[in-house]
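In what follows, a single structure is set out as structure tokens and then discussed.
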Amino acid sequence: MKRILLGISGGIAAYKSAELVRLLRKNDYEVRVVMTHAATQFITPLTLQALSGHAVHTQLLDASEENAMGHINLARWAELFLIAPASANCMAKLSLGIADNLLSTLYLAAECPVYIAPAMNQAMWSKPVTQENLNRLQQHKVHIIGPETGSQACGETGYGRMSEPSDIITQLGVLSAPQLLLNKKVLISAGPTHEALDPVRYITNRSSGKMGYALAQQAQLLGAKVTLVSGPTQLVTPKNIHTLKVKSAAEMYTAVMQQVVGQDIFISAAAVADYTPEKLQTEKIKKQDDNTRLSLCKTQDIVASVANLPNKPFTVGFAAETHNLERYALDKLQRKNLDMIAANWVGKVEGGFDSDRNALQVYWQNGKKTFAMTDKTQLANQLLTLIAERLNA
Ligand code: C5P
């Protein structure tokens, strides 16, 4: 859990800070709030106290702190300092090092990374002095999130709207993640495939696509340029990730082979069908009086095709097994010429295909690592960290 100090300065966008605190906590941040006096005119400290679960700080000299040095303790406590909204006045003070309230004093005392989400009227934002203050803050290594353009509370339209809380959290993740895959091109396949029998029926499997989508999102946070090739899933297409939607194994093969040129890493998280109907019936297959048989033929193995390209990317396969996990995984590693394979149990155990959680046994030439049961976001991060390590090995 990361410790974040949220500074709220005086502006109408302060009403969004309540949602911001809620989402931060949902995203595993421990939140402490500091407000300027002006901010308390827009939203009450009690609201933020209830949402953060801690008393809100507003006073520079806090008699309740033993040594009356609350600001230094708070600054030491924080691993990240986010100021949202940051008003024009607040930005001006920070850029000049004026420490006449608790928030601006904390900025001077903080040694952790600082992020600001400006919010103000569009004319105030474009005023040269505000832009000078912005440049100065950037030179001082303050990370800027937003602002966005659009209609404003004052009735005008233009730049100055504070970014939405969910976007601030995404940006915070991007800006604060270690850039282990900076500018690496990563291709990821995800989800099941649908192998059509006739116009209304298909063969598929239980894959939800969650592991592949988590890998795509986490790789992007680690600085990678991600392309996602997704089979049919119920998941929301990730924002800002180049996503190609396919249905069948054959379509996935074509999309992956087209996209793979110039990629540094290929992660084949998709549960590609191994067999497809030999013949696609153009009309609905009619019910017979007796039992029937399906004739299936093998699909092309996508990950093996990639792993056998002359300039192959670092290629990672997945193996979902109900038994003999290690033996089957090691066999696939060799047979498909992979650089790494991530194996997991499926069937009557927690995790796997349809779950939000999973555990992995990862193998490579002369090495292996176990990742314990956790949520797929965390697991994706662990696997990508290992991939980055092996890529540089
Ligand atoms: O051989 P098996 O299907 O168990 O191997 C699983 C791995 O191979 C996964 O990484 C999966 O994405 C990949 N695969 C593939 N093309 C296929 C079948 C599996 O890329 N036709």
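Just so it is clear, none of the values below were taken in a lab; they were calculated from the coordinates. Worth saying up front: this structure is predicted, and the values here are computed from it rather than measured. Using ideal geometry, Cβ is built from the backbone for each residue, glycine included, and neighbour counts are taken over all protein chains shown.
GNM on the chain, alpha-carbon springs under 10 angstrom: the most fluctuating residue among V303, V129, V236 is V236. Placing a label point 7 Å from the Cα of T385 along the Cα-to-Cβ direction, the residues of region 334-378 with a backbone N closer than 12 Å are 371-372, 378. If you take every DSSP beta bridge whose two residues both sit in the chain, what share of them, in percent to the nearest 5, is antiparallel? Here the share of antiparallel DSSP bridges comes out near 30 percent. Of all DSSP beta bridges in region 2-176, what percent run antiparallel (nearest 5)? Antiparallel bridges make up about 20 percent of those DSSP assigns within region 2-176.
Helix 249-259 axis versus longest C-alpha principal axis of the chain: approximately 50°, rounded to the nearest ten. Cα axis of helix 210-221 to longest principal axis of the chain: angle in degrees, 0 to 90, nearest 10? Rounded to the nearest ten degrees, it is 40.
At q = 0.10, 0.18 Å⁻¹, what base-10 log of I(q)/I(0) does the Debye formula yield for region 42-199 when every alpha carbon is treated as an equal point scatterer in vacuo? Here the Debye-derived log intensity ratios amount to -0.49, -1.23. At q = 0.20, 0.30 Å⁻¹, what is the log10 ratio I(q)/I(0) for region 75-115, with the Debye formula run over Cα points and no solvent? Evaluating at q = 0.20, 0.30 Å⁻¹ gives log10 I(q)/I(0) of -0.54, -1.15.
Need one number: % antiparallel among DSSP beta bridges in region 192-345, to the nearest 5.
DSSP beta bridges in region 192-345 are roughly 25 percent antiparallel.
Go ahead and run the numbers for FRET between T370 and R335, Cβ-Cβ distance against an R0 of 25 Å, rounding to 0.05. So, using R0 = 25 Å, E works out to roughly 0.65. With neighbour counts taken as other beta-carbon atoms within 10 Å, the residues T105, T58, T370 rank, fewest first, as T370, T58, T105. Computing FRET efficiency as 1/(1 + (r/R0)^6) for K2 and Y275, where r is the C-beta to C-beta distance and R0 is 51 Å, gives about 0.65.
For region 228-275, the list of trypsin sites (Lys or Arg not before Pro) that fall in a loop by DSSP and count at most 12 other C-beta atoms within 10 angstrom reads K239. Computed over the chain, the Cα gyration tensor eigenvalues convert (square root of 5λ each) into semi-axes of 50, 23, 20 Å, ordered from largest to smallest. Listed from fewest to most Cβ neighbours within 10 Å, the set S176, S87, S95 follows the order S176, S95, S87.
Checking the table K210/K247; K225/K247; K312/K376; K2/K127; K184/K368 against a 25 Å threshold on Cα-Cα, which pairs fail?
Among K210/K247; K225/K247; K312/K376; K2/K127; K184/K368, the Cα-Cα distance tops 25 Å for K312/K376; K2/K127.
Placing dummy labels 7 Å off each Cα toward the beta-carbon, the span from E19 to V174 is 1.9 nm. Per residue, the average separation of C-alpha pairs within less than 8 Å and at least 6 apart gives the chain a relative contact order of 11 percent.
Its DSSP H runs of at least 4 residues, each contributing -39,500 (n - 2.57), put the calculated 222 nm mean residue ellipticity of the chain at -10000 deg cm²/dmol, to the nearest 500. Each Cα pair under 8 Å and six or more residues apart adds its separation to the average, and for region 233-354 the resulting relative contact order is 22 percent. Please work out whether region 2-96 counts as rounded, prolate or oblate from its C-alpha gyration tensor, where a ≥ b ≥ c are the square roots of the eigenvalues and a/c under 1.5 means rounded, while otherwise a/b larger than b/c means prolate and anything else oblate? Rounded.
With 0.36 nm allotted per residue and the present C-alpha distance subtracted, the L46-E111 stretch has 20.6 nm of extension available. For K185, the aspartates and glutamates whose Cα comes closer than 18 Å to its Cα, not counting residues fewer than 8 places off in the same chain, are D264, D339, E389. With +1 assigned to the C-beta of every Lys and Arg and -1 to the C-beta of every Asp and Glu, and no other charges, what is the dipole magnitude of region 176-240 about the Cα centre in debye, to the nearest 20? Taking the Cα centre of region 176-240 as origin, the dipole is about 240 debye.
Spatial offset of region 71-108 relative to region 1-59 amounts to 14 Å, using the alpha carbon center of each. This ranking places D290, D100 by how few other beta-carbon atoms lie within 10 Å of each, fewest first, which gives D290, D100.
In whole angstrom, how far apart do the alpha carbon centroids of region 154-232 and region 259-336 sit? Using only Cα atoms, the two centres lie 22 Å from each other.
Simple rule: put +1 on each Lys or Arg Cβ and -1 on each Asp or Glu Cβ in the chain, find the dipole, and look at A14, N308, T157; the Cα lying farthest toward the positive end is N308.
Compactness of region 152-205 was expressed as the Cα radius of gyration divided by 2.2 N^0.38 Å, which yields 2.14.
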